[in-house]
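The values are calculated or read from the model by the stated rules, or taken from the named source; none is laboratory data. Being a predicted model, the structure only gives us computed values, none of them experimental. Here the Cβ is made from the backbone with ideal geometry for all residues, glycine too, and neighbour counts use every protein chain on show.
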Amino acid sequence: MVRTADAIFLVETKAQQQVGHPNVQRKLKAATTWCGRINTLAPGQRGERVWHYALVGESLFHDWRRKGARLNDLLAFSRARPAAVAHDQAGLALGD
């Protein structure tokens, strides 16, 4: 777990070849859902921060480290986002 000024990241690191493994992808979905449930709590019950799950593969970590990037930026980039579902997209305008 990594705590920043405005977020708490539940971080999992994996060897690059494991990132796409079905079990890892199932865990990603479950952890993303779990963080979403945590975020429905009152801010005081979740440390006044938004919770995120971040899956970081070794290649991405080493690339960002080599470039001198900050950990907070890497985690914000790597955080899992809930999958869009049809009812979430109903309000999106279609391009002309």
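Return the pairs, sorted by first residue and then second, in which the second residue is surrounded by fewer than 11 Cβ atoms within 10 Å (Cβ to Cβ), the first residue lies in the range 11-32 and is under 19 Å from M1 (Cα atoms), the beta carbons are less than 9 Å apart, and the residues are 6+ apart or on different chains.
Going by the 9 Å Cβ cut-off, the qualifying pairs are V11/M1; K29/A83; T32/R81; T32/A83.
Could you tell me which residue of the range 36-59 is farthest from R3 (Cα to Cα), considering only residues that are assigned to a helix (DSSP H, G or I) and without any contact (Cβ under 8 Å) to a residue 40 or more places away in the chain?
Among them, the one singled out is R37.
Being in a strand (DSSP E or B) and either at pLDDT 95 or above or within 14 Å of A76 (Cα to Cα) (or both) is the filter here, so list the residues in the range 1-30 that pass it.
If the condition is that a residue be in a strand (DSSP E or B) and either at pLDDT 95 or above or within 14 Å of A76 (Cα to Cα) (or both), then V2, R3, A7, I8, F9, L10, V11, E12 are the ones that fit.
For the range 67-96, give me each residue that is under 10 Å from the mean Cα position of the chain (by Cα) and modelled with pLDDT under 90.
Hits for the range 67-96 are R81, P82.
Listed residues W64, W51; which is more than 13 Å from the chain's Cα centre (by Cα), surrounded by 14 or more Cβ atoms within 10 Å (Cβ to Cβ) and either aromatic (F, W, Y) or modelled with pLDDT of 95 or more (or both)?
W64
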